[in-house]
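This report refers to the structure that appears directly beneath it.
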Amino acid sequence: MDMQATLDEIAEAVGPQIGSGVVAEYIPRLAAVNPDQFGMSVVMNDGSSYGVGDFEVPFSIQSISKVFTLVLALQASGDAIWDRVGREPSGAAFNSLAQLEFKRGIPRNPFMNAGALVVTDHLLGVSGTDANPLLDLLRTESGNPEIRPDALVSTSEAGHSDRNRSIAYLLSSFGNLRNEVGAVLDRYFDQCAISMSCAELASAGAFLSRGGVRADGTELISPLQAKRVNAVMLTAGFYDAAAEFAYRVGLPGKSGVGGGILAIVPGKCSICVWAPGLDSAGNSLVGMAALDEFTSRTGWSVF
Ligand SMILES: NC(=O)CC[C@H](N)C(=O)O
């Protein structure tokens, strides 16, 4: 298959839709992003990479960071994280509080905000506040040592964070945060505010298509753990649209309100697509369409 030609065709197919959807408005800095952008990148397991459109333009990774923090928690302390967070789809919005009360502070999964806050707290407990294993991992796997949070985005989110603060205090009231609430939130906002391009994210996530093996050939997580992370992405990566993504695309994936989606074809490649306009569930509208085109054209899906 000529992967570059496939990406060029996909860009052409979704071209008329570029700019549709609504940029995330609850984080003012993200609301200012130009919606008329689209990029897509593929990193094959043999190391070759391809891109189309704005695939080298950095954007806010937002909830895509949740995949990498889960991986780091599993790497640091194995299955212990599952005592503090579930792994069932939520069927609820990413920032939902509803289930936390009757689940007594155990979030449904690590990819909704409540779950990611618990994972962030877990990692802070393992590594301490001075270390930042997420930045280390993303820099090494993407090959860009300059990757960092966009301070304007994290400050913007921190200033409009009543909901995430409510979630964090509720978690804390059930004893499911070990660090100070403010410290957990600050780290969480910083993780979400990291800027990366499609090319960098597809490279950084490629260990998930290689059974847990990093770019340098060493094992980040075991093949079994990689399989499990992919499973949680498939079932919980898109909040209340997880089944819709499985139906249309058929791959493990994770979206962010910056408009990015990381998707994995296990054993074959890692894909990142970015278009800032979101659908009503908070997932990139054109990104979904592009991945729908990708799996329809290549036949590469887990189904
Ligand atoms: N879905 C997302 O990308 C949400 C992340 C965002 N930082 C939030 O907590 O609301």
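Bear in mind that the values in this text are calculations on the coordinates, not laboratory data. All values reported here derive from a predicted model rather than from experimental measurement. No Cβ is skipped: glycine too gets one built from the backbone with ideal geometry, and neighbour counts run over all protein chains shown.
What does the net charge come to around Gly115 if you take all other residues with beta carbon closer than 11 Å to its beta carbon, with K and R at +1 and D and E at -1?
Surrounding charge for Gly115 is +3.
Note down the relative contact order for the stretch 65-192 as a percent, whole number, built from C-alpha pairs under 8 angstrom at least six residues apart.
29 percent
Applying the Karplus parametrisation 6.51 cos²θ - 1.76 cosθ + 1.60 with θ = phi - 60° to the phi angles of the stretch 261-269, what ³J(HN,Hα) value in whole Hz is obtained for each residue in order, glycine and proline being reported as x?
9, 9, 10, 10, 9, x, x, 10, 6
Positive end of the dipole of the stretch 1-148, charges at C-beta (+1 Lys, Arg; -1 Asp, Glu), about the Cα centre: which of Phe94, Ser41, Val71 has its Cα farthest in that direction?
Final value for the positive-end residue is Phe94.
Any idea what the dipole of the stretch 65-192 comes to, in debye rounded to 20, about its Cα centre with Lys/Arg Cβ at +1 and Asp/Glu Cβ at -1?
Numbers: 12 positive and 15 negative charges, 81 e Å.
In total the dipole reaches around 400 debye.
Expressed in nm to one decimal, what extension gain is obtained for the pair Ala92 and Glu180 from 0.36 nm per residue of sequence separation less their Cα-Cα distance?
Result: 29.0 nm gained on full extension.
Out of Gly253, Thr120, Leu137, whose Cα points farthest toward the positive end of the dipole of the chain (charges: +1 Lys, Arg; -1 Asp, Glu; placed on Cβ)?
It is Thr120, whose Cα lies furthest towards the positive end.
Once phi is turned into θ = phi - 60°, what whole-Hz ³J(HN,Hα) does the Karplus curve with 6.51, -1.76 and 1.60 give for every residue of the stretch 6-23, x standing for Gly and Pro?
Once θ is set to phi - 60°, the couplings for the stretch 6-23 become 4, 5, 4, 5, 5, 4, 5, 5, 8, x, x, 8, 4, x, 7, x, 10, 5 Hz.
Could you sort 12-18, 98-104 so that the peptide with the highest average Cβ count within 10 Å comes first and the rest follow in order?
The densest-packed peptide leads the list: 12-18, 98-104.
Which Cys in the chain stand alone, with every other cysteine's Cβ at 4.7 Å or more from theirs?
Singleton cysteines: Cys192, Cys269.
Below 8 Å between Cα atoms, with a sequence gap of 6+, how large is the relative contact order for the chain in percent?
Once divided by the residue count of the chain, the mean separation gives 28 percent.
For the stretch 276-303 and the stretch 231-266, write down the distance between their C-alpha centroids in whole Å.
9 Å
Nothing charged except the Cβ atoms of Lys and Arg (+1) and of Asp and Glu (-1): what's the magnitude of the dipole of the stretch 155-267 about its Cα centre? Round to the nearest 20 debye. Could the numbers behind the result be given before it?
Values: 10 positive and 10 negative charges, 69 e Å.
Using only the charged Cβ atoms, the result is roughly 340 debye.
Which lysines have a Cα lying under 18 Å from the Cα of Lys227, excluding residues fewer than 8 positions away in the same chain?
Cα-Cα hits under 18 Å: Lys66, Lys254, Lys268.
In debye to the nearest 20, how big a dipole does the chain give about its Cα centre with +1 on each Lys and Arg Cβ and -1 on each Asp and Glu Cβ?
Charge dipole of the chain: 960 debye, to the nearest 20.
I want the local charge near Thr155. Using Cβ-Cβ distances under 11 Å, sum +1 for each Lys or Arg and -1 for each Asp or Glu among the other residues.
Values: positive: Arg29; negative: Asp150, Glu157, Asp186, Asp190.
Here the charged neighbours net out to -3.
Long-range amide H contacts for Val23: which residues qualify at under 5 Å (H placed 1.01 Å from N, peptide plane, sequence gap of 5 or more or a different chain)?
Residues meeting the amide H criterion: Leu278.
By per-residue mean of other Cβ atoms within 10 Å, what is the highest-first order of 270-276, 187-193, 167-173?
Details: 270-276: 30.0, 187-193: 24.6, 167-173: 19.3.
Listed from highest to lowest mean packing, they are 270-276, 187-193, 167-173.
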